[in-house]
1. Out of curiosity, is L71 modelled with pLDDT under 90 and surrounded by 11 or more Cβ atoms within 10 Å (Cβ to Cβ)?
2. Got a number for residues in region 35-50 being in contact with a strand residue (DSSP E or B) (Cβ under 6 Å, 6 or more places away or on another chain) and over 15 Å from K11 (Cα atoms)?
3. Look at region 1-23 and say how many of its residues are touching a helix residue (DSSP H, G or I) at 6+ places or on another chain (Cβ under 6 Å) and surrounded by 18 or more Cβ atoms within 10 Å (Cβ to Cβ).
4. Taking only region 2-45 into account, find how many residues are over 12 Å from the mean Cα position of the chain (by Cα) and of a type in the set (A, V, I, L, M).
Amino acid sequence: MNSLDWDEITKARKMVKANDASSCGNAIAEYRDNIVILEHGVNFRKYVIPKSKVERYDGRDIYLRIPRSMLSKFDF
């Protein structure tokens, strides 16, 4: 996943999805070996997810190796 153009992905604010296909928010920044995700909704939440948790990028969305229920472990 380190070969991805994270600058381009975050500038485009690509959608991030968990491995259960639920939406997690948008990739808004890269920080060291992590991506920062902003979740929209009633409350805005930010998550700092290690790039090692990224399964794939299909050109449209980023897919994580973790379920949505684990996002709170990466709350910022």
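1. Answer is no for this residue.
2. If we filter region 35-50 for residues that are in contact with a strand residue (DSSP E or B) (Cβ under 6 Å, 6 or more places away or on another chain), which is where we start, we get 35-39, 45-50.
Still in the list and also over 15 Å from K11 (Cα atoms): 39, 45-50.
Adding up the residues that qualify gives 7.
3. The total comes to 1.
4. Counting residues in region 2-45 that are over 12 Å from the mean Cα position of the chain (by Cα) and of a type in the set (A, V, I, L, M) gives 4.
The values are calculated or read from the model by the stated rules, or taken from the named source; none is laboratory data. What you are looking at is a predicted structure, and each value in this text was computed from that prediction instead of being measured. All Cβ positions, glycine included, derive from the backbone under ideal geometry; neighbour counts span all protein chains shown.
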